[in-house]
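These notes are about the structure you will find just below.
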Amino acid sequence: MKTETGINDWIYAADEIDLKEGGMIPAYPLGVHILLARVDDSVYALSGKCIHMACPLYMGILKGDILTCPCHDWQYNIRTGEFLDAAELILEKYKLKSENGKLYILLTKEEPK
Amino acid sequence: MYTLSTCPWCRKTKNFFAGHNIPFDYIDYDLADASTQDRIIEELDAHGATGFPYVKIDNEIVYGYNPSRYAELLGL
Amino acid sequence: MNVESRKKALHYFFGKIVDPMGYKFTPDQELVDFLLEQEVILEQKHGIPFCPCQGLRHDRSRDMKIVCPCIPFHRKHFDIMKRCWCGLYVHKDVTDPDSLPQLPYSEADHE
């Protein structure tokens, strides 16, 4: 029987090789806008849209672990997703795993099937 | 007074003065030329003001819409 | 996009942001309508929905701190007043926004 990839599965997001140290790329697993970033050789997956007005964060600036939105300079901690000027505002953070040079993402908080 | 054309509190300030038949001069900061804006900013900064309205009655500064303070200074 | 639909869009975006910070749109609907309209006009002019009650400095780092909702950047001041400078947002427990004065930070601090 054919099984389809769903929201509770690990979903392919990007090739490891495309995400350079200190870099950011967008990914759209199941159409969800995700930001992938690599800092100190750790990879982070966060919501790809700024909390403020949904600007695409991958077009911003990543300096150390501070991400600055390209539209209105809202700044986030790339490791936690926290907005620096109001800790209540947090970018959704997603689980990631790497297998054979490919990055997979889990879009829900549920354990994968 | 220094005001913004987009700010409702600035309108209320103007209405307060007009409603009491008190003549006043105003500059809408957002519609002013660059050198006037620079001069206004310098004055606001000197008083720690960051927004509008900014009203001068004699030598007193009232920053923010404050009708009771206007009335007090104007002897109304 | 016309002004009315953009006002609705900004209302949607900004309501989600101010809620976790303990703020809501003022119950004064007329004020909400007026201020959002001014923001849409400012956005059409500058590309950014700046605060209609604070002037632009033409200095990016300062001007970005008055993009609506600017509560995160002026929180101490606004929390004391229980409203933002414009009065577009008020603390969630506020039912009578007209009772909240617009005070400079230096004075609000001593109220």
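No lab work stands behind these numbers, since they all come straight from the coordinates. Quick caveat: nothing in here was measured; it's all calculated off a predicted structure. Neighbour counts are summed over all protein chains in view; Cβ atoms, including those assigned to glycine, are modelled from backbone coordinates with ideal geometry.
Numbers below:
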read-out	value
Stokes-Einstein D in µm²/s, Kirkwood radius over Cα pairs - the protein assembly as shown at 4 °C with 1.567 mPa s viscosity	60 µm²/s
Pairwise centroid distance, computed over Cα atoms, of the range C:13-86 with the range A:1-39, Å	35 Å
Structure-based [θ]222 nm, the protein assembly as shown - -39500 (n - 2.57) summed over DSSP H runs of at least 4, per residue, nearest 500	-8000 deg cm²/dmol
Cα-centre dipole for the range B:2-74 with unit charges at Cβ (Lys and Arg positive, Asp and Glu negative), debye to 20	400 debye
The range C:28-111: relative contact order as a whole-number percent, Cα under 8 Å and 6+ apart	22 percent
Debye, to nearest 20: dipole size of chain C, +1 on Lys, Arg Cβ, -1 on Asp, Glu Cβ	540 debye
Taking N as its residue count, the alpha carbon Rg of the range C:3-108 over 2.2 N^0.38 Å	1.01
Rounded to the nearest 20 debye, dipole of the protein assembly as shown from Cβ charges on Lys, Arg, Asp, Glu	680 debye
Unmatched cysteines, the protein assembly as shown - criterion: no other Cβ of a Cys under 4.7 angstrom	C:CYS51, C:CYS68, C:CYS70, C:CYS84
Too-long pairs where the Cα-Cα distance tops 22 Å, listed order kept, from A:LYS20/A:LYS97; C:LYS7/C:LYS45; B:LYS12/C:LYS76; C:LYS7/C:LYS76	B:LYS12/C:LYS76; C:LYS7/C:LYS76
Distance histogram for chain A (every C-alpha pair counted, 5 angstrom bins, percent rounded to whole numbers)	2, 13, 23, 24, 18, 11, 5, 2, 1, 0, 0
Cross-link pairs A:LYS63/C:LYS65; A:LYS63/A:LYS102; A:LYS93/C:LYS82; B:LYS56/C:LYS24; A:LYS49/A:LYS93; C:LYS16/C:LYS65 - those with Cα-Cα distance over 22 Å	A:LYS63/A:LYS102; A:LYS93/C:LYS82; B:LYS56/C:LYS24
Formal net charge of residues neighbouring B:ILE57 (Cβ-Cβ distance under 11 Å; K, R +1; D, E -1)	-1
Average partner coverage of C:65-72, which counts Cβ from other chains inside 10 Å	4
Shielding of B:62-69 by partner chains, average beta-carbon count, 10 Å	4
Long-range amide H partners of C:GLY55 with built H, under 5 Å	B:PHE52
Along each principal axis, Cα extent of chain B, largest first, Å	35, 22, 18
